[in-house]
Amino acid sequence: MASLSTTQTNHLDILESHALFILREVAAECERPVLLFSGGKDSAVLLHLAAKAFAPQQLPFPIMHVDTGQNFDEVLAYRDWAAEHYGARLIIASVQRSIDQGRVADPGPMGSRNRLQSVTLLDAITDNKFDAAFGGARRDEDKARAKERILSFRDSFGQWDPKAQRPELWNLYQGRVNPGEHLRAFPLSDWTELDIWQYIEREEMKLPTIYFAHEREVVFRDGMWLAVGRFVEPQPSESVEAKTVRFRTVGDANCTGAVLSNAATLAEIVTEVSVANVSERGATRADDKFSETAMEDRKREGYF
Amino acid sequence: MSIETKDVLRLATIGSVDDGKSTLIGRLLVDTRQLFDDQLDAVAEASERRGVGDLDLSFVTDGLRAEREQGITIDVAYRYAATPTRKFIIADCPGHVQYTRNMATGASTADLALAVVDVATGLKEQTRRHLCIAALLGVRNLVVAVNKMDRVEWSEAAFLAVGDQIAAVSNELGFASCEVIPVSALLGDNVVDRSGASPWYRGRSVLEALEATHASDPSTTAQGARLPIQWVLRQNGGGRTYAGMVNGGTFHVGDKVTLLPAGIETTISALRLGGANRVDAYAGLSADIDLVAETDAGRGDMIASEPLPTVTKEFDATICWFGEKPMTPGQRFRLKHASRSTPARIVQLDGLVDIEHLSVGSNDQLTVNEIGLAKIACADSLVVDEYQVNRATGSFVLIDEVTNATVAAGMIGGPSFL
């Protein structure tokens, strides 16, 4: 692409600029930030932006994966590729270790480890003395997220108090915390799912292969297509089918549903997302279906 | 390429509790098909569970447990909508006085205020207060939805009476534009499409008005460009690049600029955005700037073009106080302005702004949610503009040195309407 100027406003430039601003502001004001990296599309964009914010220097903070032990193999492969590609120091915080140490109860091989991640995450923040954690959460994902500040304060127990958030005026992001407290920082707050995909397309970014349409053995369970594999064994009543699917979000393999899709390129995904009738979480995430305020309840406990 | 070019309009909804703000936003999102089917189902389910009818649209934005239980908005909900040419960032703000800090959070970045007024009750003090805070925070454009028109059988006289009240307040507060629209948020009349229920109304729908508004504040575009330096990027080979967000005006390669507070005059030799070269960078872009002169500038310094900002340690400001304990002269805080933080002291309190009468009274302290005029002294020099000229270099926050809470929002200079 030619390096032309354009005085015309472009929403992707504005969103990118705002995210770069937040990344730099937190890196400048906090002592020990960390970037939470799941290997999903949002954290992929976040890492891409972080690399841009500080280039040609190295990232001034490590990246951390809270590993539930139930990830898709393709996502773990992408995680390791991305850490190397962007020159990031990767920390892995293991939910399995939290279970082995008795910090949390083992939900069993088919149980959800989604909620357990909060304990592993908070322990890792404490152990590493992190005072700020960047996350890829977006406000359009969920109604509790829609209420959260860009710099979101966590007390010494890691709790979010939605009724007493710090005022956050203008672009004056205020990152001061006392020892033991920390911040969550969300540079992608104002991005929608479509903005994310348009940006990935514009930047020609690489992503885990499961985001693109492929044929896979799936079973239909709880209203979702689950990928048959190590973490999902078909029940006797379920029939295994081969379908062309892709994943709209990436969570644990045992609770993230695939969507039926032929979108195999970034351009096709942008088109598909722009006419979608169902939200990405509604389509694919069992972990959000517990109750009306499932996300708020988890966030109060220290969730992402 | 499938990427369309959109601009971005930030808007804040304001108005009194129960006038229907959240319902209007819910209606806008539903009727522009911004909500997914499962989100609408969840709203319907929650409405039924709480016995408030088939579809309580306010549940679209009131997402917290306490908000749904109490039926009020506590904190700002951010929602997003897009048309082929524009991305809307909507801050749905709370109405109650005790949540003024949250309303100010939503309005501080808004290009436009979307006010909702119940036609049956007219302009309430709460709405007037919010309009005043929006004006104070530099919001220049106003769109007013006169709501619940179905309850007064679409009476033109009732609409005009409320419209006159609004026009008077808008004039007093100095909004640059004010468009008043009769709507029923509940039924969707004049929200997205113009309605047959109001044949006497020839104006635009709410969405049309939002699409027609100029996205950036025209009053600031002729001003000098500023880049508060956030971070210094060291180039391989020894060069230094200054990174930060542009505000005020536009920088171009070749522009003569001054590095402040040092006062070094130099020239921009290169501009980049996210690594890609450009010949200019407008307000809202994070630019990486190379200067011809070799300097030791760092975070907290500012690159500026003419007319230049002021370098000062003391200034008059308008303060919105959020602290639980009152603010009194002599108190010390940490002050954050642009990319610089400094210890600061309240030298004196010059008055309390009376929002009802738009006048200044005398007082010896500011209590929570009060607005006052004060003289502030800083330990370090700041590079400032008047807030009325530049929102980014004219604003600051005060931080409690013990708890680190943000206790006040400050604007350099006095309110425009006094």
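The values are calculated or read from the model by the stated rules, or taken from the named source; none is laboratory data. Just so it is clear, the structure is predicted and the values come from calculations on it, not from any experiment. Quick reminder, even Gly has a Cβ in these numbers, built from the backbone with ideal geometry, and neighbours come from all protein chains shown. When the accessible area is computed, the model is the full protein with side chains, heavy atoms only, and any ligands, DNA or RNA have been set aside. Shrake-Rupley method; radii C 1.70, N 1.55, O 1.52, S 1.80 Å.
Computed quantities for the displayed model
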{"quantity": "Condition met for residue A:97 (open to solvent by 20 Å² or more (accessible area, probe 1.4 Å) and over 30 Å from residue A:21 (Cβ atoms))", "calculated": "yes"}
{"quantity": "Total residues in segment B:249-262, condition farther than 18 Å from residue B:340 by Cα and either within 8 Å of chain A (Cβ to nearest Cβ) or open to solvent by less than 50 Å² (accessible area, probe 1.4 Å) (or both)", "calculated": "6"}
{"quantity": "Test result for residue A:165, within 30 Å of residue B:77 (Cα to Cα), part of a loop (DSSP other than H, G, I, E, B) and over 15 Å from the mean Cα position of the chain (by Cα)", "calculated": "yes"}
{"quantity": "Conditions (1) of a type in the set (D, E, K, R); (2) within 15 Å of residue A:33 (Cα to Cα); (3) open to solvent by less than 30 Å² (accessible area, probe 1.4 Å); number of the one not met by residue A:181", "calculated": "(3)"}
{"quantity": "Output for segment A:128-177, where each listed residue is aliphatic (A, V, I, L, M) and within 16 Å of residue A:22 (Cα to Cα)", "calculated": "A:132, A:133, A:137, A:150, A:151, A:169, A:172"}
{"quantity": "Strands (runs of 3 or more DSSP E) enclosed by segment A:216-283 - at least 3 residues per element that are open to solvent by 40 Å² or more (accessible area, probe 1.4 Å)", "calculated": "A:241-247"}
{"quantity": "Residue list for segment A:16-26, restricted to those being out of contact with any helix residue (DSSP H, G or I) (no Cβ under 6 Å at 6 or more places or on another chain) and more than 7 Å from chain B (Cβ to nearest Cβ)", "calculated": "A:18, A:22, A:26"}
{"quantity": "Tally, over segment A:227-285, of residues that are in contact with a His (Cβ under 9 Å, 6 or more places away or on another chain) and aliphatic (A, V, I, L, M)", "calculated": "2"}
{"quantity": "Qualifying positions in segment B:363-410 - under 21 Å from residue B:303 (Cα atoms), within 14 Å of chain A (Cβ to nearest Cβ) and in a strand (DSSP E or B)", "calculated": "B:382, B:384, B:395, B:396"}
{"quantity": "Matching residues in segment A:21-61 - criterion: being among the small types (Gly, Ala, Ser), farther than 22 Å from residue A:94 by Cβ and in contact (Cβ under 8 Å) with a residue 24 or more places away in the chain", "calculated": "A:27, A:50, A:51, A:53"}
{"quantity": "Condition check for residue A:137: open to solvent by less than 40 Å² (accessible area, probe 1.4 Å), modelled with pLDDT of 90 or more and farther than 30 Å from residue B:94 by Cβ", "calculated": "no"}
{"quantity": "Criterion: surrounded by fewer than 20 Cβ atoms within 10 Å (Cβ to Cβ) and not aliphatic (A, V, I, L, M) - qualifying residue of A:13, A:73, A:67", "calculated": "A:73"}
{"quantity": "Cβ pairs under 9 Å, 6+ apart, first in segment A:82-98 and closer than 16 Å to residue A:33 by Cα, second modelled with pLDDT of 85 or more and open to solvent by 50 Å² or more (accessible area, probe 1.4 Å)", "calculated": "A:88/A:58; A:89/A:58; A:90/A:80; A:90/A:84; A:93/A:127"}
{"quantity": "Pairs, first touching a residue at least 12 places away in the same chain (Cβ under 8 Å) and farther than 19 Å from residue B:326 by Cα in segment B:372-385, second crowded, with 23+ Cβ neighbours inside 10 Å and of a type in the set (Gly, Ala, Ser), C-beta under 6 Å, six or more apart", "calculated": "B:378/B:344; B:385/B:394"}
{"quantity": "Residue within segment A:250-258 that is at pLDDT 90 or above and of a type outside the set (A, V, I, L, M) present", "calculated": "no"}
{"quantity": "Criterion violated by residue B:310 - all others in (1) over 30 Å from residue B:343 (Cβ atoms); (2) surrounded by fewer than 20 Cβ atoms within 10 Å (Cβ to Cβ) satisfied", "calculated": "(1)"}
{"quantity": "Residue check, residue B:161 surrounded by fewer than 17 Cβ atoms within 10 Å (Cβ to Cβ), assigned to a helix (DSSP H, G or I) and either touching a residue at least 60 places away in the same chain (Cβ under 8 Å) or more than 19 Å from the chain's Cα centre (by Cα) (or both)", "calculated": "yes"}
{"quantity": "Segment B:322-343 - residue that is open to solvent by 20 Å² or more (accessible area, probe 1.4 Å) and in a strand (DSSP E or B) and, of those, farthest from the other protein chains (Cβ to nearest Cβ)", "calculated": "B:332"}
{"quantity": "Residue within segment B:91-99 that is surrounded by 21 or more Cβ atoms within 10 Å (Cβ to Cβ) and at pLDDT 90 or above present", "calculated": "yes"}
{"quantity": "Answer residue from segment B:263-287, given it is surrounded by 21 or more Cβ atoms within 10 Å (Cβ to Cβ) and touching a Phe, Trp or Tyr at 6+ places or on another chain (Cβ under 7 Å) and is farthest from the other protein chains (Cβ to nearest Cβ) among those", "calculated": "B:268"}
{"quantity": "Answer residue from segment A:158-183, given it is under 14 Å from residue B:406 (Cβ atoms) and aromatic (Phe, Trp, Tyr) and is farthest from the other protein chains (Cβ to nearest Cβ) among those", "calculated": "A:173"}
{"quantity": "Only listed residue being buried (at least 20 other Cβ atoms within 10 Å of the Cβ), of a type in the set (A, V, I, L, M, F, W, C), part of a strand (DSSP E or B) and within 13 Å of another protein chain (Cβ to nearest Cβ), chosen from B:303, B:346, B:319", "calculated": "B:319"}
